[in-house]
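Structure first, commentary second.
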Amino acid sequence: MKRITSIIFIILAMLSFSTATAQRRVKSGSYNTMLNKLLKHTVPEISVDSLSRCVANVVLLDAREANEYQVSHLQNARYVGYNEFSIETVQNIDKAAPVVVYCSVGYRSEKVTEKLKAAGFTNVSNLYGGIFEWKNQQHAVVDEQGTVTEKIHAYSKLWGIWLKNGKKIYGKQ
């Protein structure tokens, strides 16, 4: 079963990477335009829609800062951070396991995904649009206690414009 799940994830990740325009799309055209310019697209990307279909079968890594993760995160996501990210924090994850890295919009997670690939992880993807698009598409996030919440750390007022659903939180909580 684990092998079948991995194969399905690889196929989804390859589809999302190879059909760039179709799979990278987020609901907002202006958000998509910004993401296409911001990201370098150096790693496989997975859309929110694709991830929502296989989320129970992947390792989720949150590449935001601790205060952002504490406000809310995807259920079962593991905090790895961005500024303090270290390969040592993920050494207990099988390098062939399906892994999806996310942050607010996808920039920081793209950088962490690059590091994972360089370290030999073979089945890793960046969540295109990040937790903002996850929430924009009405998917649940949880707080530190695992309770569903509407709160999302919006990083800053500048970046918060891309978060259309949920309650925006700024600063340390």
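Overview of results
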{"item": "The chain - accessible surface per residue (Å², probe 1.4 Å)", "result": "49 Å²"}
{"item": "Mean ellipticity per residue at 222 nm, deg cm²/dmol - from DSSP H runs of n ≥ 4 across the chain, formula -39500 (n - 2.57)", "result": "-11000 deg cm²/dmol"}
{"item": "With at most 12 other Cβ atoms within 10 Å, longest stretch of the chain clear of loop GluC sites (Glu not before Pro) (DSSP)", "result": "1-83"}
{"item": "GNM flexibility winner over the chain from Leu74, Leu38, Leu51 (Cα, springs under 10 Å)", "result": "Leu38"}
{"item": "Carbon/sulfur fraction of accessible area - the chain, other protein chains in place, 1.4 Å, %", "result": "55 percent"}
{"item": "With at most 15 other Cβ atoms within 10 Å, longest stretch of the chain clear of loop trypsin sites (Lys or Arg not before Pro) (DSSP)", "result": "96-163"}
{"item": "For semi-axes √(5λ) of the Cα gyration tensor in Å, calculated from these coordinates, the label among (i) 23, 19, 15; (ii) 30, 21, 13; (iii) 26, 17, 16", "result": "(i)"}
{"item": "Neighbourhood net charge (9 Å Cβ-Cβ; Lys/Arg +1, Asp/Glu -1) for Ser72", "result": "-2"}
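The values are calculated or read from the model by the stated rules, or taken from the named source; none is laboratory data. All values derive from a computational prediction rather than experimental measurement. Positions of Cβ are generated from backbone atoms using ideal geometry, with glycine treated the same way; all protein chains shown enter the neighbour counts. These area figures cover heavy atoms from the full protein model, side chains too; ligands, DNA and RNA do not enter into them. Shrake-Rupley method; radii C 1.70, N 1.55, O 1.52, S 1.80 Å.
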